[in-house]
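Remarks on the structure that follows.
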Amino acid sequence: MLYIVNGDTCYTVTKAGNNYTVTPLGGTVGGDGPVFIAHNMRQPANQILIHHSSGIEKVEGGIVSPFTDGDLPATNSLTFQDGYFFFTTAFGQCFSSELNDTDVKSDNYITAEAQPDGLLRAIPFRRELLLFGDSSTEFWQNVGNATGFPYSRGVVLNVGLWGPYAVAGHEASFPGPLIWVASDGTVRMLNGYSPDRISTPHIERLIDAEKDRTKLRASVHGAAGHQFWVLKSDDWTLVYDISTGSWSERATIGKKTWRMAFGVYAFNEWLVFDEDGPTVYRVNERSRREAGGPLVMEIRSTQQHNFPARTAVDRASFDFVVGVGLDRGISPIETQPRASISWSDDGGVTFGNALLRELGTQGEFVAIDIWRTGLTSRLGRQWRIQVSDPVEVSFLGGSMFGEGRGV
């Protein structure tokens, strides 16, 4: 059973065959923004808590109602590990519940004191609990303390967490690794106990420009044997393919960013949530469309130039796997797929009108060339290729041929 919060309502989702059943629960969820949901393993019924910006709710008997505990102060995150609920505070405390219970005793807490920073988030990863602060990360291990907090501190990292939602990779059924936006504005991947930097200077500039740190939201999902870590803001989405170690941009057509957020693995499939509405979508590597709309692939070349000279471009040739049309597909977007090719002579600021080139009907060989496209500027030329037709597209490379001209 999957629990989803949308607006002020909590829903349960079950699946039988290909049919999903969505049931709203009674009561309301307070606060705004993302929530944390956790459950323990209590029998005969698990206990479920929902943490939001204004407090905590519990789910019991199909009803959502406020949860309070006299020994628990105001908290900013919730998680579960080894039978315990864990709650963090902005003042650096982490509280634990009793084993498979929601009750919190007055001495069931520790203070993360390696550095004088508060806590933003608790994350269970492998067999340790990571407590992320503003400038440090502490690893705590379950050592079975007989009284008080059940964990003891281990390794400490001198980097913390950028914002409360900027970490992912610990989710159930995701093989890892854990990746987060660190307090120094870099993206880090946990390698053992080493926070390896995987971001580029361009990515770090984008992160640094995001002044509201709660706007950065990380999530994960998988498809076709690849594991993806996604970082979203209101203006852009970046995707790190863990399988290849490469970054790419992702945007829904007509938007600056990807419309999906917060991947979760349920019913043996990855689900993502539509920020434009109440719809939940499956991630399916066989689909060539997104929510019924075009899924556009865009590739840009580096600057091709002979600085400070200009180049008279006689021909540009593009190496695609061709003949990818589908005889029994949708006409013409699947039966006669095409690539849109345009170019820029001002460093990628503007691009001219695109030329369309056929990618070939099923099994057909075609040559994809652009002829006599004039003189470049002293900045050289940048090429842009876009494909929106829903077929399997593989781009292998390209070459530009021309003659140098005077400055």
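How large is the convex hull of the C-alpha atoms of the chain per residue, in Å³?
Spelled out: Cα convex hull of the chain, divided by residues, is 160 Å³.
Remind me, relative contact order of segment 229-297 in percent, using alpha carbon pairs under 8 angstrom and six or more residues apart?
It comes to 19 percent, rounded to a whole number.
Could you report the accessible area of Leu119 in Å², rounded to 10, computed with a 1.4 Å probe on the protein chains as they sit in the structure?
Here the residue's solvent-accessible area equals roughly 10 Å².
May I ask for the distance between the Cα centers of segment 361-395 and segment 305-342, given as a whole number of Å?
3 Å
With +1 on each Lys and Arg Cβ and -1 on each Asp and Glu Cβ, how big is the dipole of the chain about its Cα centre, in debye rounded to the nearest 20?
1100 debye
In the chain, how many lysine pairs have Cα atoms under 27 Å apart, counting only pairs 8 or more places apart or on different chains?
11
So what's the back-of-envelope 222 nm ellipticity for the chain, counting only DSSP H runs of four-plus at -39500 (n - 2.57) apiece and dividing by all residues, rounded to 500?
The per-residue figure over the chain is -500 deg cm²/dmol.
When all alpha-carbon pairs of segment 1-127 are counted, what percent fall beyond 23 Å?
Percentage above 23 Å: 34.
What whole-number distance in Å separates the alpha-carbon centres of segment 251-297 and segment 81-126?
That distance is 34 Å.
At q = 0.16, 0.18 Å⁻¹, work out log10 I(q)/I(0) for segment 123-280 with the Debye formula, treating every Cα as an identical point scatterer and leaving solvent out; two decimals please.
-0.92, -1.13
Rounded to the nearest 10 Å², what accessible area does Glu60 have for a 1.4 Å probe in the complete protein model?
That residue has around 120 Å² of solvent-accessible surface.
What is the dipole size for segment 282-407, taken about its Cα centre, with +1 at each Lys and Arg Cβ and -1 at each Asp and Glu Cβ, in debye to the nearest 20?
Approximately 320 debye in magnitude.
Specify the longest stretch of the chain that does not include any exposed loop site, a site being one of the chymotrypsin sites (Phe, Trp or Tyr not before Pro) with a non-H, G, I, E, B DSSP assignment and at most 13 other Cβ atoms within 10 Å.
Excluding the exposed sites themselves, the longest stretch runs over 194-364.
Of the residues Val230, Val220, Val324, which exhibits the maximal mean-square fluctuation in a Gaussian network model of the chain defined by a 10 Å Cα contact cut-off?
Comparing Val230, Val220, Val324 in the GNM, the peak value goes to Val324.
Counting alpha carbon pairs within less than 8 Å and at least 6 residues apart, what relative contact order, in whole percent, applies to the chain?
8 percent
Towards the positive end of the charge dipole of the chain, with charges on Cβ (+1 Lys, Arg; -1 Asp, Glu), say which of Thr373, Leu99, Gly329 has the farthest Cα.
Sorting the options by dipole projection puts first Thr373.
I'd like the accessible area for Arg213: 1.4 Å probe, protein heavy atoms, all chains in place, Å² to the nearest 10.
Approximately 100 Å² of Arg213 is accessible to the 1.4 Å probe.
What fraction of the Cα pairs in segment 259-331, stated in percent, has a spacing above 14 angstrom?
In whole percent, the share of Cα-Cα pairs in segment 259-331 beyond 14 Å is 77.
Could you give the dipole magnitude of segment 204-353 about its Cα centre, charging the beta-carbon of Lys and Arg +1 and that of Asp and Glu -1, in debye to the nearest 20?
So the magnitude is around 140 debye.
Mind checking which of Gly185, Gly277, Gly222 has the largest fluctuation in a GNM of the chain, springs on alpha carbons under 10 Å?
Among Gly185, Gly277, Gly222, the largest mean-square fluctuation in the Gaussian network model of the chain belongs to Gly277.
In the chain, if the dipole is taken from +1 on Lys/Arg beta carbons and -1 on Asp/Glu beta carbons about the Cα centre, which of Tyr151, Ile37, Trp247 is farthest to the positive end?
Farthest towards the positive end: Trp247.
What whole-number value in Å² describes the accessible area per residue of the chain for a 1.4 Å probe?
Averaged over the residues of the chain, the accessible area is 49 Å².
Mind checking segment 304-361 for trypsin sites (Lys or Arg not before Pro) that DSSP puts in a loop (not H, G, I, E or B) and that have at most 14 other Cβ atoms within 10 Å?
Arg328
Of Ile48, Ile333, Ile242, which is the most mobile in a GNM of the chain whose springs link Cα atoms less than 10 angstrom apart?
Ile333
The values are calculated or read from the model by the stated rules, or taken from the named source; none is laboratory data. Given the structure is predicted, the values throughout are model-derived calculations rather than measurements. So basically every Cβ, Gly included, is an ideal-geometry build from the backbone, and we count neighbours across all protein chains shown. Remember, those area values only see protein heavy atoms, side chains included, never the ligands or the DNA or RNA. Shrake-Rupley method; radii C 1.70, N 1.55, O 1.52, S 1.80 Å.
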